[in-house]
Amino acid sequence: MQLDTAWVRSQFPAFSVPALQGQAFFENAGGSFPCGQVVSRLHRFYTERKVQPYAPYAASRLAGEEMDEARSRLAAMLGVDAHELSFGPSTSANTYVLAQAVRRWLKPGEAIVVTDQDHEANSGPWRRLSDDGVEVREWRIDPMSGHLDPERLAPLVADGKVRLVCFPHCSNVVAEINDVAAITAMAHAAGAKVCVDGVSYAPHGLPDVGALGCDVYLFSAYKVYGPHQGLMVIREGFGNELPNQGHFFNGDALFKRFTPAGPDHAQVAASAGMADYFEDLSAHHGGPFGGAPAARSAHDLMRAREVGLLQPLLDYLRGRNDVRLLGPTDASRRAPTVAVELPGEAEPTAAALAPHGIMAGGGDFYAVCPLRALGIDPAKGVLRMSFTHCTSEEEVGRLIRALDDVLPG
């Protein structure tokens with residue numbers, strides 16, 4: 001069924017704010033507009049529930065119940081058990097804590113694999129383990145296309161010394177969707193666990209993490225129409241192998257083992273609004289309401305819409321000889337995060353788009369490793385135009401017309 005864009009946009013307060021009228025938002029990869037369901041829950045928590053949760057009095061009991069609701073409903077949508085989903089201040093922080101646990105889990109002579117396609121959140125914490133003597137092997141992308149070829153992983157894990165393989169579901173500049181299930185199967189066959197950075201994929205539809213088979217999956221709620229929280233799925237088998245990083249008395253609770261500080265109660269509770277939105281999106285279009293079926297329905301609706309919006313932009317950019325388009329030219333193989341290398345620095349071009357009502361960004365986007373691997377100076381950066389299913393055809397057309405005006409030709 002075709003996505004009802006008018007209904008979708010009505011679910012996001014930002015689209016009715018006077019100050020944003022006439023502005024087309026093409027920096028969703030940096031953080032999306034929150035949906036109304038999240039805003040309402042956050043407002044309610046701050047006005048009615050902002051007390052220490054889990055005490056027996058009503059406001060506290062309701063606060064705790066809302067936090068539990070967020071974890072259980074989102075876990076169901078991700079195809080995992082509720083205790084396998086934890087919240088933290090950001091994906092970068094969650095990955096850092098996880099890396100400290102892995103550092104103590106690894107034995108002398110064992111290795112990990114990282115890629116040069118990753119955003120710094122799923123690269124830096126792992127690479128720094130080399131300071132403690134851990135062997136860090138790099139799975140490198142193709143320097144022309146940015147493609148992360150699974151065949152290049154095989155020799156890295158062949159000797160059986162690799163215990164963990166870390167890679168992105170898709171890069172925040174290359175945007176090609178990696179085959180997580182196939183790569184996970186390859187890593188598992190070699191005796192390695194798998195950690196997937198889903199920050200750049202999850203805004204385009206929650207994945208079925210259970211079906212993907214990976215041991216860890218991380219993403220950021222504030223890029224999935226929610227509050228500023230990092231979500232981390234860590235499967236029970238792996239999570240219980242790793243040493244506890246939280247308070248010693250919380251060590252028996254998997255969803256607390258990797259949260260050294262107390263969670264942001266209000267933002268955790270408000271994350272249930274993400275589940276509300278995905279359920280409402282599915283039901284509005286005649287799909288199932290509730291749990292994993294609603295999440296899969298919403299995922300497919302969002303992806304179909306985005307592929308249709310993305311292909312004309314890719315075709316336009318591919319037809320220009322003054323920009324280098326990063327990643328695949330086939331919209332079905334990538335997320336709608338579109339980065340291009342320009343002859344000069346990217347930031348002035350992003351600024352030139354602003355008077356045209358185009359909100360886009362220029363810079364390195366913490367993707368220093370992939371830009372260097374692609375032969376692009378991070379100081380020069382790339383122009384990045386990213387959107388989601390909320391974007392309209394008119395806005396994509398306006399972006400193309402604006403690029404015609406600001407690019408050198």
Can you work out which of the residues in segment 287-307 that are open to solvent by 40 Å² or more (accessible area, probe 1.4 Å) and free of Cβ contacts under 8 Å to residues at least 12 places away in the same chain is nearest to Ala379 (Cα to Cα)? Pro293
Selection over segment 208-225 where residues are open to solvent by less than 10 Å² (accessible area, probe 1.4 Å) and touching a strand residue (DSSP E or B) at 6+ places or on another chain (Cβ under 9 Å) yields a count of 9
So which residues in segment 29-42 are crowded, with 24+ Cβ neighbours inside 10 Å and not in a loop (DSSP other than H, G, I, E, B), if there are any at all? Ala29, Val38, Arg41
Pick out, from segment 124-216, the helices (runs of 4 or more DSSP H) lying fully within it that include 3 or more residues that are at pLDDT 95 or above and in contact with a Ser or Thr (Cβ under 6 Å, 6 or more places away or on another chain). none
Take the residues in segment 353-383 that are touching a residue at least 24 places away in the same chain (Cβ under 8 Å), more than 18 Å from Asp116 (Cβ to Cβ) and under 21 Å from the mean Cα position of the chain (by Cα); name whichever of them is most open to solvent (accessible area, probe 1.4 Å). Met359
Can you name the residue in segment 43-72 that is farther than 19 Å from Tyr277 by Cβ, basic (Lys, Arg) and part of a helix (DSSP H, G or I) and is also least open to solvent (accessible area, probe 1.4 Å) among such residues? Arg49
Please go through segment 397-409 and pick out each residue that is open to solvent by less than 10 Å² (accessible area, probe 1.4 Å) and either within 24 Å of the chain's Cα centre (by Cα) or of a type in the set (Val, Ile, Thr) (or both). Leu399
Can you pull out the helices (runs of 4 or more DSSP H) entirely within segment 337-409 that have at least 2 residues that are β-branched (Val, Ile, Thr)? 393-406
What is the residue count in segment 142-185 for residues that are within 20 Å of Tyr366 (Cα to Cα), among the acidic types (Asp, Glu) and surrounded by fewer than 15 Cβ atoms within 10 Å (Cβ to Cβ)? 1
So Phe289 ticks every box in (1) at pLDDT 95 or above; (2) closer than 24 Å to Thr5 by Cβ; (3) more than 19 Å from the chain's Cα centre (by Cα) but one. Which box is left unticked? (1)
Give the number of residues within segment 325-352 that are over 18 Å from Arg401 (Cα atoms), free of Cβ contacts under 8 Å to residues at least 60 places away in the same chain and touching a helix residue (DSSP H, G or I) at 6+ places or on another chain (Cβ under 9 Å). 5
Can you name the condition, by its number, that Gln21 falls short on among (1) touching a residue at least 24 places away in the same chain (Cβ under 8 Å); (2) open to solvent by 60 Å² or more (accessible area, probe 1.4 Å); (3) not hydroxyl-bearing (Ser, Thr, Tyr)? (1)
Right, Ser271: assigned by the TED database to the domain that holds Pro89 and not aliphatic (A, V, I, L, M) or not? yes
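The values are calculated or read from the model by the stated rules, or taken from the named source; none is laboratory data. Please read all numbers here as calculations on a predicted model, not as lab measurements. Please note: Cβ atoms are built from the backbone with ideal geometry, for glycine as well, and neighbour counts cover all protein chains shown. Surface accessibility is based on the protein's heavy atoms, side chains included, excluding ligands, DNA and RNA. Shrake-Rupley method; radii C 1.70, N 1.55, O 1.52, S 1.80 Å.
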